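Notes follow once the structure below has been shown.
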Amino acid sequence: LLLGATQAVALRHYFALVFRTGMRVRASVVTSTYRKLLSLSPSAQNAVSSGEVTNLMGSDATRIGDLTPYLHALWFAPLQALVALTILYREVGPAALPGLLLVCSTLFINKRIAAATFRVQQRLLATRDSRAKSMRELLGGIQVIKLYAWELDFAKRTRKLRLDEGT
């Protein structure tokens, strides 16, 4: 009971530290991006789309911050799997080999799924960039849109961009 309680407290303490570190990393990415944008010349600012900046300061910074709790898994997960498989082999002998084959095939399938997910996320980020750029242009030219009564055309365009982003 004492060892279990100690393990639970230590694990919670570890996660509290790494999540705090993740929030600090996220804040530093957002801050450095903002400082870099302020130091750019006007022509360089025009070269960068607002959608890219929004993604970088929003979802990308969050993803980087969320990565910190799992960085230790890069070294301890393979070690943990190796120790578990070694113990399993010592206990059941060659009968552990089908289990090892199953683990390897699962890793291969997981790699394929992760690659497909990454491709979908890249398309989604490009769509978000496009929508954010369009919204910026729309808000920048709102007076002209109102003057010529183009609200319905731009509402249709905005609705299509939002639908594209949702799929």
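When the chain is treated as a GNM, springs tying every alpha-carbon pair under 10 Å, which of V25, V120, V92 comes out with the largest mean-square fluctuation? Top of the fluctuation ranking is V92. Over segment 126-167, all Cα pairs binned in 5 Å intervals from 0 give whole-percent P(r) values of 6, 24, 30, 22, 12, 6, 1, listed from short to long. Taking the 0 to 90 degree range and rounding to the nearest ten, how far is the long axis of helix 2-39 tilted relative to the main principal axis of the chain, both from C-alpha atoms? For helix 2-39, the angle is close to 30 degrees.
Relative to the longest principal axis of the Cα atoms of the chain, the long axis of helix 97-140 makes an angle of roughly 20 degrees. Computed over the alpha carbons of segment 74-167, Rg followed by Dmax gives 26.0, 80 Å.
Under Stokes-Einstein, with the Kirkwood radius over Cα pairs standing in for Rh, what whole-number D in µm²/s applies to the chain at 25 °C and 0.890 mPa s?
Working: Rh = 20.9 Å.
Here the translational diffusion coefficient equals 117 µm²/s.
Per the Debye calculation on segment 23-71 with a single equal scatterer at every Cα and no solvent contribution, log₁₀ I(q)/I(0) for q = 0.14, 0.23, 0.26, 0.32 Å⁻¹ amounts to -0.38, -0.80, -0.93, -1.15.
By the Kirkwood approach, averaging reciprocal distances over each pair of separate Cα atoms, segment 1-54 gets a hydrodynamic radius of 14.2 Å. Relative contact order of the chain: 27 percent, from C-alpha pairs under 8 Å at least 6 residues apart in sequence. Here is how the number arises for the chain: DSSP H runs of 4 or more residues each give -39500 (n - 2.57), the sum is divided by the residue count, and the result at 222 nm is -29000 deg cm²/dmol.
None of the figures in this text is laboratory data; all of them are computed from the coordinates on show. All values reported here derive from a predicted model rather than from experimental measurement.
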